[in-house]
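Comments concern the structure below.
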Amino acid sequence: MVWGGRAGVRTALYLAALCGRRWNPQLRVFYERLLAAGKPKKVALIACARKLLTILNAMLRDNTRWEAPVPASQHSC
């Protein structure tokens with residue numbers, strides 16, 4: 001059970017990970033890889049929340065905005 005830290009931030013990260021595992025291609029691949037490795041669903045979801053937190057921290061550190069990855073089928077040649 002995770003009880004440390006700020007409850008509001010923890011809740012926001014959990015809900016963002018819940019949505020991200022479905023709609024964010026990077027988080028979806030990460031989540032499915034963890035499930036394929038035998039991790040329980042909730043453990044994989046919390047790992048996605050932590051990954052999302054590290055992405056957000058890097059964005060703040062580098063002062064950058066989120067840019068969705070371009071699907072391979074839309075790359076210009």
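Among the residues of region 25-47, those that are in contact (Cβ under 8 Å) with a residue 24 or more places away in the chain, surrounded by 12 or more Cβ atoms within 10 Å (Cβ to Cβ) and either of a type in the set (F, W, Y) or within 19 Å of E67 (Cβ to Cβ) (or both) comprise Q26, L27.
Note on region 1-35: among residues that are modelled with pLDDT under 90 and of a type in the set (D, E, K, R), the one that is nearest to L45 (Cα to Cα) is R10. Return only the number of the condition from (1) surrounded by 12 or more Cβ atoms within 10 Å (Cβ to Cβ); (2) within 14 Å of the chain's Cα centre (by Cα); (3) basic (K, R) that R22 does not satisfy. Tallying (1) surrounded by 12 or more Cβ atoms within 10 Å (Cβ to Cβ); (2) within 14 Å of the chain's Cα centre (by Cα); (3) basic (K, R), R22 fails exactly one: (1). Would you call K51 farther than 21 Å from W66 by Cβ, at pLDDT 90 or above and either surrounded by 12 or more Cβ atoms within 10 Å (Cβ to Cβ) or aromatic (F, W, Y) (or both)? No, not satisfied.
The values are calculated or read from the model by the stated rules, or taken from the named source; none is laboratory data. All figures in this text were calculated on a predicted structure; none of them were measured in a lab. Cβ sites come from the backbone with ideal geometry, for glycine too, and all protein chains shown count toward neighbours.
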